[in-house]
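The values are calculated or read from the model by the stated rules, or taken from the named source; none is laboratory data. Since this is a predicted model, take the numbers as computed values, not measurements. We place every Cβ from the backbone using ideal geometry, glycine too, and count neighbours over all the protein chains shown. For the accessible areas, the whole protein counts, side chains as well, though only heavy atoms, and no ligand, DNA or RNA atoms are used. Shrake-Rupley method; radii C 1.70, N 1.55, O 1.52, S 1.80 Å.
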Amino acid sequence: MRVLVAGASGFVGSRLCPALEEAGHDVLAMTRRPDSYEGAGKPVPGDVADVGSLRDALKGADAAYYLVHSLDSSDFKRRDSEAARAFARAAADAGVGRIVYLGGLGDDDDSLSEHLASRREVEKLLGETGVPVTTLRAGIVIGHGGTSWELTRQLVEHLPAMITPRWVGTRTQPIAIADVVRYLVGVLDHAEAEGRAFDIGGPEVLAYREMLQRVAAIEGRPLVIVPVPLLSPRLSSYWLSLVTDIDVQTGRSLIDSMTNEVVVRDDSIRRIVEFEPMDYDEAVVQALKERAKSRRDA
């Protein structure tokens, strides 16, 4: 297929584009700066804030991946909604056959954080113009350069002891970035995935505390965690910005979401795209290896 990837230079998109090419697809890598793009696929100019540029970018595409979000902005909900509406309109105008969107896990019966609620709203907005949408909902994605993973790694490496909010007891189902990409590529070949939302995750359900402890064990580092009930999301975000390179706004958005349990409720994707996902330790080791390689190559 001829496939456009919106967010081609991001954490997921930079890995998805070469995987799509390897699967035999013709990849259009949408970017605001095509002259400086060095990844896989043919760079095409496009900006989710400009409907006209989106129509040009999507022209002739059979399918499109939407990997765009604005976590680092205080008004991310408005910006993400406007971008999703623009992309949906442009995709319909260009005759795109399907949109594939990477969203967030979370039970609709829970009181979702603003971040997770925004992801769910984008999911709906992308389908408003009639183009079938396939949504993959993920929790923590483990891979070098991923914001949630970097937060985990840097906390472990910078603090041998930490006083943490109660969210360290919240359960999540982390997944390796390589497995996210396998699911994203895989659903394109299955017509039964059109118009459906799927939960994706690794084989283990872990509390954030366990994730931190497992990383510490793999790296051979001491770690003492003391949860306390008094750290508000705002205070926690400032704390994170001091001990990691995660900015305050992104940290606040992530911490707000950490009060929501994000686990797979429906594993029907496993019967459509069949493979065995990596366990948590293997995903962590792969992320650390990739980081070491990038530092050597720098």
TODO: Enumerate the pairs (first residue in the stretch 104-125 and of a type outside the set (Gly, Ala, Ser); second residue anywhere and part of a loop (DSSP other than H, G, I, E, B) and modelled with pLDDT under 75) with beta-carbon separation below 8 Å, excluding pairs fewer than 6 apart on the same chain, so at least 6 apart or on different chains.
DONE: His115/Leu71; Arg120/Asp108; Arg120/Leu112
Open item on the list: Just to check your reading of the model, which residue among Arg182, Arg166 is open to solvent by 30 Å² or more (accessible area, probe 1.4 Å), touching a residue at least 60 places away in the same chain (Cβ under 8 Å), within 27 Å of Arg271 (Cα to Cα) and not β-branched (Val, Ile, Thr)?
Closed with: Arg182
TODO: Kindly provide the set of residues from the stretch 66-101 that are at pLDDT 90 or above, farther than 15 Å from Lys124 by Cα and open to solvent by less than 20 Å² (accessible area, probe 1.4 Å), ordered by number.
DONE: Ala90, Val96
- [ ] Within the stretch 5-55, work out how many residues are without any contact (Cβ under 8 Å) to a residue 12 or more places away in the chain and in a helix (DSSP H, G or I).
- [x] 6
- [ ] Please work out if Ala23 is under 23 Å from Arg182 (Cα atoms) and open to solvent by less than 30 Å² (accessible area, probe 1.4 Å).
- [x] no
TODO: Considering each of Asp189, Asp108, Asp179 in turn, give the residue that is among the charged types (D, E, K, R) and modelled with pLDDT of 95 or more.
DONE: Asp179
Task: Checking Asp62 against (1) open to solvent by less than 40 Å² (accessible area, probe 1.4 Å); (2) in contact (Cβ under 8 Å) with a residue 60 or more places away in the chain, the condition it does not meet - done: (1)
